[in-house]
Amino acid sequence: MTHPIVSSDTGVEYLKLPPPMRDGGMPLLGALQHRRSTRTFAPASLDDVILSTLLWAAFGINRPDTGQRTAPSARNWQEIDLYLAMPDGLYVLEPVDWRLRLVVGEDLRAATGLQDYVGSAPLNIVYVSRLSKLDETDKPLRQFYTALDTGFISQNVYLFCAAFGLATVARGLLDRRALARAMRLDADQRVVLAQSVGHAA
Ligand SMILES: Cc1cc2nc3c(=O)[nH]c(=O)nc-3n(C[C@H](O)[C@H](O)[C@H](O)COP(=O)(O)O)c2cc1C
């Protein structure tokens, strides 16, 4: 990201995202043909417009009248937040204002996984569930639904990466507790999955 950090009056820092592209990329059947997991990343960061479009494809708002999103979620809970570990800090996507809020001003990329390649990817997305949004009483069912909801978003990222020639891999091999601490998550949040994104090396 090269966009300047905009500080609000409250001291919270944001990166304003440019508008996402509304067309482009490979047609769907070609993207499905190219979808794969890639585990080697070049250091180059993602272009701002590509990052914005990736995030919109992942879980952006595609129906502004209702606030509904590009991925489905059980009972429209929309309980998954996208945290982005990038070289200059950890951000969380704010889909309504279409901006990233700075959460930790440190490079946490290597802390988002247990495999060596993780720290070299320019972007690591961490999918975090906000438990209080799941108004389902049965705990195993809540976990099941939130895992499913994450999977839809992750597949959107896979297909976007295939369509735009980017490298990505979903990652479940995580130390979720240590990662939640490093990310300063609160007691109502759970790390579900991570996904590295970048240019193939
Ligand atoms: C839920 C989930 C968790 C995964 N966790 C990891 C992981 O921790 N590390 C990793 O290198 N790959 C991980 N993968 C990627 C799989 O290993 C990969 O999808 C599988 O080998 C098939 O390869 P393909 O995606 O290229 O078809 C994960 C995939 C999924 C769907």
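Every number in this text was worked out from the coordinates using simple rules, so none of it is lab data. Remember, predicted model here, so these are calculated numbers, not experimental data. Positions of Cβ are backbone-derived with ideal geometry, glycine not excepted, and every protein chain shown enters the neighbour counts.
Of all the options ARG177, ARG39, ARG101, the one that moves most in a Gaussian network model of the chain with Cα springs shorter than 10 angstrom is ARG177. Net charge of the neighbourhood of LEU114, taken over other residues with C-beta under 12 Å away and scored Lys/Arg +1, Asp/Glu -1, is 0. Here each label is just a point 7 Å from Cα along the line to Cβ, and for ALA110 and THR66 those points are 4.6 nm apart. Within the shell of other residues whose beta carbon sits under 15 angstrom from the beta carbon of GLN155, the net charge comes to +3, with Lys and Arg scored +1 and Asp and Glu -1. Comparing THR38, THR168, THR150 in a Gaussian network model of the chain where C-alpha atoms under 10 Å apart are linked, the largest mean-square fluctuation is found at THR38.
Compared with the alpha-carbon gap, the fully stretched path from HIS34 to ALA178 is longer by 48.5 nm at 0.36 nm per residue. A crude spin-label estimate for the pair LEU148 and LYS16, with each label 7 Å from Cα along the Cβ direction, gives 4.0 nm.
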